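Some notes on the structure that comes next.
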Amino acid sequence: MADDKGSILLNIFYEIIGSPLNLVLVGVITILVYTIFKRRHQHYIEPPREPELPKLKKDFTNEELKKYDGTGPDGRILIAVDGKVFDVTRGRNFYGPGGAYSAFAGRDASRGLATFNVSVSKEGYDDLSDLDPRQMEEVREWAIQFHEKYIYVGKLLKPGEAPTNYSDEEEEKESNLEKAGGQAGDTKPSSTDTKQEATPDAADKPKAE
């Protein structure tokens, strides 16, 4: 039996080395096996993360907005939609320099989104008064999508409009929350109220879009 196995292996060996095509195939298979083995044993190196930019909360004029087109020192990108300014820096592949929608960076993108034309925009403040109802609905829908995906920064100011002091606004919110918390602590809910809050009606649940 041992002699038979030895002779079979020897025949296979001679068959391989006797044909140039077989030698090439063996070489290719050896390289593939080595490559797969090497990849499995390589340590994955996580790409360096981009540093997080400090939180920005303020209103902007059109002129101020232009500075945030992704070419500044910090690379921040802001876009206005429907009178609201959003930080879209995380979407720099789309809105940054060289991106498909880089024309929107540092500008009011409302008209371009409403008309499906990236290059359409107006200099100065655009009140969108000439857009039809369907186009205005497009603008509002885009604003909702930006709200869900990106960070809301502030308002796009109309000519002569005063900016909001957001530090005062935050203090007022915190004060209101403290008052609400104190009032809630003074009133002990009944067991019936607790059950109703824990089991809302189906009509109260948000619908999945």
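The values are calculated or read from the model by the stated rules, or taken from the named source; none is laboratory data. Only a predicted model underlies this, so the values are computations on that prediction, with no experimental measurement involved. We place every Cβ from the backbone using ideal geometry, glycine too, and count neighbours over all the protein chains shown. The area values use the complete protein model at the heavy-atom level, side chains included, leaving out ligands, DNA and RNA. Shrake-Rupley method; radii C 1.70, N 1.55, O 1.52, S 1.80 Å.
If you filter the range 112-138 down to residues that are part of a helix (DSSP H, G or I) and without any contact (Cβ under 8 Å) to a residue 24 or more places away in the chain, you find that the one that is surrounded by the most Cβ atoms within 10 Å (Cβ to Cβ) is Gly112. Selection of the range 72-104 for residues being open to solvent by 30 Å² or more (accessible area, probe 1.4 Å) and of a type in the set (Lys, Arg) yields Lys84, Arg90, Arg92.
Can you tell me which residue within the range 87-125, out of those that are of a type in the set (A, V, I, L, M) and over 15 Å from Tyr150 (Cα atoms), is farthest from the chain's Cα centre (by Cα)? Per the criteria, the residue is Val120. Reported count of residues in the range 126-162, each being within 20 Å of Ile77 (Cβ to Cβ) and over 23 Å from the mean Cα position of the chain (by Cα), is 2. Here Asp108 clears all of (1) exposed (fewer than 15 other Cβ atoms within 10 Å of the Cβ); (2) more than 22 Å from Pro54 (Cα to Cα); (3) touching a residue at least 12 places away in the same chain (Cβ under 8 Å) except the condition numbered (1).
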